[in-house]
1. Could you work out the helix-only [θ] at 222 nm for the chain, with each DSSP H run of four or more residues adding -39,500 (n - 2.57) and the total divided by the number of residues, to the nearest 500 deg cm²/dmol?
2. Go through 117, 29, 161 and say which Cα lies farthest out towards the positive end of the charge dipole of the chain; charges sit on Cβ, +1 for Lys and Arg, -1 for Asp and Glu.
3. Distance check, please: which entries in 9/40; 48/84; 31/145; 40/136 exceed 18 angstrom between their Cα atoms?
4. Excluding residue 49 itself, what net charge comes from residues whose Cβ is under 13 Å from its Cβ, given Lys and Arg +1 and Asp and Glu -1?
5. Find the Cα radius of gyration of the stretch 2-50, compare it with 2.2 N^0.38 Å by division, and give the number to two decimals.
6. Residue 141: net charge of surrounding residues, Cβ under 14 Å, Lys/Arg +1, Asp/Glu -1, itself excluded?
7. Of all beta bridges DSSP finds with both residues in the stretch 14-157, what is the antiparallel percent, to the nearest 5?
8. Once you place label points 7 Å from the Cα toward the Cβ at residue 26 and residue 97, how far apart are they in nm?
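Derivation of every value follows stated rules applied to the coordinates shown; laboratory data play no part. Every value quoted in this text rests on a predicted model; they were computed, and no experiment measured them. Glycine also receives a Cβ, built like all others from the backbone with ideal geometry; neighbour counts cover every protein chain displayed.
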Amino acid sequence: MPLVDIGRKAPAFTLKDSEGQKHSLKDYAGKFVVLYFYPKDDTSGCTKQACQFRDSLPGFDSSDAVILGVSPDDEVSHRKFIAKHDLNFTLLADPKDKDSNPGVCAKYGVWQEKSMYGRTYMGVVRTTYLIGPDGKVLQRWDKVKVPGHDQAVLDCIRETAT
């Protein structure tokens, strides 16, 4: 599926967090939602990105924004990742279906063909969506480079909110 364009309604979803609690996009109506998709718990780039969001959380909180991280990893993996890095925001598990596709990652267009060392495979392309209080996509960052990404997202929220 293609990436969701800016200005479009963000696709609805319901996923479980690291404790098995269900979270739906509609639960966050009226707030900014930073929905970031990442490949895998406890890998180098994913850890750096999560720790940046962790360290910047006070700025997001003061902007009435929530951060939701999504990967195909399961709840147990998320729980270990959260504990190991003292993460202070929600990670959601997007389980793979019978065809080995994580449903929400596919809906948002981030489940794509990737290539490494000449081998192609399907995986999550690091992507962040900023969803506005009205449920529409305000901004999208494709193939995210981690350094400074948290600040770029926070700046976008602050610019939009004023």
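1. Values: 4 runs with 48 residues, N = 162.
Here the helix-only value at 222 nm equals -9000 deg cm²/dmol.
2. So the residue we want is 117.
3. Values: 9/40 26 Å; 48/84 13 Å; 31/145 25 Å; 40/136 26 Å.
Over 18 Å apart, Cα to Cα: 9/40; 31/145; 40/136.
4. Details: positive: 40, 48, 54, 126, 143, 145; negative: 41, 42, 55, 150.
Neighbourhood net charge equals +2.
5. Values: Rg = 13.1 Å, N = 49, 2.2 N^0.38 = 9.7 Å.
Rg over 2.2 N^0.38 Å, computed on Cα atoms: 1.36.
6. Working: positive: 126, 140, 143, 145; negative: 5, 142, 150, 155.
Counting the neighbours of residue 141, the net charge comes to 0.
7. On the way: 21 of 31 bridges.
Of all bridge pairs located within the stretch 14-157, approximately 70 percent are antiparallel.
8. Inter-label distance under the simple model: 2.0 nm.
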